[in-house]
Amino acid sequence: MAPAPSLDVAPTPTAADGTTPRPGRAIERAATLLALACVPVGLLLLGDGDALAGGAVLSLGTGVAIAALLARGRSEAIRDRDLRRAGISIWIEDWTEVGKVILSLRAEGRDVQAHFAAHPELFDQLHRTVRITDVNDSTLDFTGAREKSRLIGRLADVVPASAQTFERWIAAMARGDRVYRSESRVRRLDGELRDCLVTAVLPRDLEGFGNLLVSIIDISDYKADQARLAIIEREASRASRAATVGVLTASIAHEVKSPLAAVVTNAEAALRWLRRPAPDLVEAEAAIGAVVGDALRARDVVDRTRLLLTNAPHTPAELEIVDAIRSAALLVDRELRAADAILRVRAEPGTPRVMADVSRLRQVVTNLLLNAAQAMADSPRPREILIRAQADGEDVRVEVADTGTGIAPDRITRIFEPFYSTKEDGIGVGLAICRACVEAHGGRLWATSVPGAGATFHFTLPAAPA
Amino acid sequence: MCSSSVIAIVDDDEAIRAALSSLLRSLGYEVRLFASAESFLADSRASPDCLVTDIQMPGMNGLQLQLAIRNRRPRLPVIVITAFPEDAVREQAIAAGALHFLSKPFEADAIARCLSEAVGGAR
């Protein structure tokens, strides 16, 4: 159902059987029909929230309204004023000619859908035969028409745009669907387009085709709310992304600025040692040596950040796990030494080679090592990190154990959530990325801990074929 | 500047401590290094002429250190250095009595001027 620009020129109402319908009586009859027909519609709407986003909420109201009407309608027919109060627009339509074609095809055992597909001209021909025979008062409110006579007549004349949805109606009838339901847009007499939910219980016999009851519910406000909500959600998502980028940028800036500050300060110091009346070459050499070390640290920070953030292609290859772990450890050697952490790497006898992307494996190991070093910052010495690799079924299991303060039980799973951080200046993406990397290999990453006695991170990788 | 002026440097970043130590010694100051605010406060012998402290550190941060030291040494000049030079942090540091607020990385002349002002005289 849609635009009705020609509502002003509605033809004289004539029913399909040539008689003149009596508006009002038909609606009374329809109200009784609705009481029966809407039971399955209401139940269907109540149970189906997928086809129309949020439809369950809308349909719940419809279903409840109908249920209430039905409860009262046990002893009396539901009256038009009830439907008006419920805001349900009812159109009684005569689809007799359509029914004749469909029912005769069915009687002949022919494929109704295939017949219509082979004769598309039928859509236009049949559309012109469909008539609106009655509407309820709620329809006047809905369309802005002053009199029912404005809305009664040939459907194609009263609602020309119904041609756009007519094929869908025919398809549903041809399939033998019990219920037709779709969203549509109807243009009021004042030109305003309203979003609608159109439903009808589809007829089984010719009498039913002659009295097709179509209900229309105005869902414009609901759709407008949905649209506003979508805009708010998009804005919130954009703001969240912007905030994330901000936090990430600040974190990277801090990581890079620290070694950069050391480079500048050491270089300035070296210059001052050299510019003394009696240049102190030993101090200058030490400062310049520190410049080199700080610059390398800055490079490592950039490399690690790039590893962390780039979505490099996953290219697994057969490799020796211990070699990969040791090469990763070199990337964070300075941090481990600064933390006074002693790293030991062991592979149990018979540990097979693994299939892994070496870059991503390094990313995982460096993150776990940095986490371990930070976890032990407040722990008494010796601060040890033990990495142990061993065969585990068809996998290789790697354990990274530290002697830090451990992880509280309520945090042991949350630490893998993106943007969950226990560090004041952390952004909480490291472990989430590690888990994603491991899972991309077909492995698992988890943590165990005895609070006060350290934490162990375990991950598995598939063993290379023997 | 008195050649015997003692500058305490509190920074959890070992590289920054070492670099500042070299620079400040090249300027003629005596330097004491601390890896945390707690270790500085715990050192009863630490009686510097000026405190240079980072803001963001594990445990007690630089702002908390300022407040803690204010009771003990209300006249001790404090220079705050940070990689996060946000206005709010700067205002907090100055409100807590910081003499200067420097953003890492800073030029040697900048900290030399600050120290000169803090301990008097200049080389």
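Are there any pairs, at least 6 apart or on different chains, whose C-beta atoms fall under 9 Å, with the first in segment B:48-67 and free of Cβ contacts under 8 Å to residues at least 24 places away in the same chain and the second not small (Gly, Ala, Ser), and if so, which? Correct list of pairs: B:Gly59/A:Asp378; B:Gly59/B:Asp12; B:Gly59/B:Glu38. Selection of segment B:95-108 for residues being over 21 Å from A:Ser258 (Cβ atoms) and either basic (Lys, Arg) or open to solvent by 20 Å² or more (accessible area, probe 1.4 Å) (or both) yields B:Ala95, B:Gly97, B:Leu99. Scanning segment A:149-199 for residues that are open to solvent by less than 20 Å² (accessible area, probe 1.4 Å), in contact (Cβ under 8 Å) with a residue 60 or more places away in the chain and part of a helix (DSSP H, G or I) yields A:Leu151, A:Leu155, A:Val158, A:Ser162, A:Thr165, A:Ile170, A:Met173, A:Ala174. For segment B:10-30, the set of residues classified as of a type in the set (A, V, I, L, M, F, W, C) and either within 11 Å of chain A (Cβ to nearest Cβ) or more than 14 Å from the chain's Cα centre (by Cα) (or both) consists of B:Ala15, B:Ile16, B:Ala18, B:Ala19, B:Leu20, B:Leu23, B:Leu24, B:Leu27, listed by residue number. Scanning segment B:14-39 for residues that are farther than 24 Å from A:Asp378 by Cα and acidic (Asp, Glu) yields one hit, B:Glu30. Please determine whether any residue of segment A:297-307 is modelled with pLDDT of 85 or more and open to solvent by 80 Å² or more (accessible area, probe 1.4 Å). Checked segment A:297-307: no residue is modelled with pLDDT of 85 or more and open to solvent by 80 Å² or more (accessible area, probe 1.4 Å). Summed over segment A:282-295, residues that are more than 8 Å from chain B (Cβ to nearest Cβ) and surrounded by 12 or more Cβ atoms within 10 Å (Cβ to Cβ) total 6. Residue-level check: of (1) in contact with a strand residue (DSSP E or B) (Cβ under 9 Å, 6 or more places away or on another chain); (2) open to solvent by 30 Å² or more (accessible area, probe 1.4 Å), B:Leu24 misses just (2).
The single condition among (1) in contact with a His (Cβ under 8 Å, 6 or more places away or on another chain); (2) within 14 Å of chain B (Cβ to nearest Cβ) that A:Ala341 does not meet is (1). Taken over segment A:447-460, the criterion of being of a type outside the set (Ser, Thr, Tyr) and over 12 Å from A:Val364 (Cα atoms) is satisfied by A:Ala447, A:Val450, A:Pro451, A:Gly452, A:Ala453, A:Gly454, A:Ala455. Does at least one position in segment A:416-425 carry a residue that is touching a strand residue (DSSP E or B) at 6+ places or on another chain (Cβ under 8 Å) and either open to solvent by less than 70 Å² (accessible area, probe 1.4 Å) or modelled with pLDDT under 90 (or both)? Scanning segment A:416-425 turns up at least one residue that is touching a strand residue (DSSP E or B) at 6+ places or on another chain (Cβ under 8 Å) and either open to solvent by less than 70 Å² (accessible area, probe 1.4 Å) or modelled with pLDDT under 90 (or both). Within the option set A:Asp225, A:Asp195, A:Asp177, being under 20 Å from the mean Cα position of the chain (by Cα) and modelled with pLDDT of 80 or more holds for one residue only, A:Asp225. Taken over segment B:111-121, the criterion of being more than 10 Å from every other protein chain (Cβ to nearest Cβ) and open to solvent by less than 70 Å² (accessible area, probe 1.4 Å) is satisfied by B:Cys114, B:Leu115, B:Ser116, B:Ala118, B:Val119, B:Gly120, B:Gly121. Looking only at segment B:115-123, decide whether some residue is under 20 Å from A:Ala261 (Cβ atoms) and among the polar types (S, T, N, Q). Within segment B:115-123, not a single residue is under 20 Å from A:Ala261 (Cβ atoms) and among the polar types (S, T, N, Q).
The set of residues from segment A:250-279 being more than 7 Å from every other protein chain (Cβ to nearest Cβ), modelled with pLDDT of 90 or more and open to solvent by 50 Å² or more (accessible area, probe 1.4 Å) comprises A:Leu271, A:Leu274, A:Arg275, A:Arg276, A:Pro277, A:Ala278, A:Pro279.
If you filter segment A:362-410 down to residues that are in a loop (DSSP other than H, G, I, E, B) and small (Gly, Ala, Ser), you find that the one that is farthest from the other protein chains (Cβ to nearest Cβ) is A:Gly393.
Given the criteria crowded, with 21+ Cβ neighbours inside 10 Å and modelled with pLDDT of 95 or more, does A:Trp91 qualify? When the stated conditions are applied, A:Trp91 does not pass them. Residues that are part of a helix (DSSP H, G or I) and in contact (Cβ under 8 Å) with a residue 40 or more places away in the chain occur in segment A:225-242; there is at least one. State whether the residues of segment A:281-294 include one that is in contact with a helix residue (DSSP H, G or I) (Cβ under 7 Å, 6 or more places away or on another chain), at pLDDT below 90 and not β-branched (Val, Ile, Thr). Yes, that holds for at least one residue. On the stretch given as segment B:68-94, residues that are open to solvent by 20 Å² or more (accessible area, probe 1.4 Å) and polar (S, T, N, Q) total 2.
Here is a yes/no grid of residues against (1) outside any helix (DSSP H, G or I); (2) modelled with pLDDT of 90 or more:
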{"position": "B:Arg25", "(1), (2)": "no, yes"}
{"position": "B:Gly28", "(1), (2)": "yes, yes"}
{"position": "B:Arg45", "(1), (2)": "yes, no"}
{"position": "B:Leu63", "(1), (2)": "no, yes"}
{"position": "B:Pro74", "(1), (2)": "yes, no"}
{"position": "B:Ile79", "(1), (2)": "yes, yes"}
{"position": "B:Val89", "(1), (2)": "no, no"}
{"position": "B:Leu102", "(1), (2)": "yes, yes"}
{"position": "B:Pro105", "(1), (2)": "yes, no"}
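Within segment A:342-352, one or more residues are surrounded by fewer than 17 Cβ atoms within 10 Å (Cβ to Cβ) and in contact with an Asp or Glu (Cβ under 8 Å, 6 or more places away or on another chain).
Can you say whether A:Ala447 is open to solvent by less than 20 Å² (accessible area, probe 1.4 Å), at pLDDT 90 or above and more than 26 Å from A:Gly350 (Cβ to Cβ), as far as the supplied structure shows?
Answer is no for this residue.
The condition of being farther than 24 Å from A:Ser162 by Cα, modelled with pLDDT of 90 or more and surrounded by 13 or more Cβ atoms within 10 Å (Cβ to Cβ) holds for only one of A:Arg106, A:Arg131, A:Arg79, that being A:Arg106. Among the residues examined, A:Ala408 qualifies as at pLDDT 85 or above, in contact with a Pro (Cβ under 9 Å, 6 or more places away or on another chain), more than 26 Å from A:Ala356 (Cβ to Cβ) and open to solvent by less than 60 Å² (accessible area, probe 1.4 Å). Residues of segment B:31-62 that are more than 14 Å from chain A (Cβ to nearest Cβ), closer than 26 Å to B:Ala88 by Cα and surrounded by fewer than 21 Cβ atoms within 10 Å (Cβ to Cβ): B:Leu41 alone.
The values are calculated or read from the model by the stated rules, or taken from the named source; none is laboratory data. All values reported here derive from a predicted model rather than from experimental measurement. So basically every Cβ, Gly included, is an ideal-geometry build from the backbone, and we count neighbours across all protein chains shown. Only protein heavy atoms, including side chains, enter the accessible area calculation; ligands, DNA and RNA are left aside. Shrake-Rupley method; radii C 1.70, N 1.55, O 1.52, S 1.80 Å.
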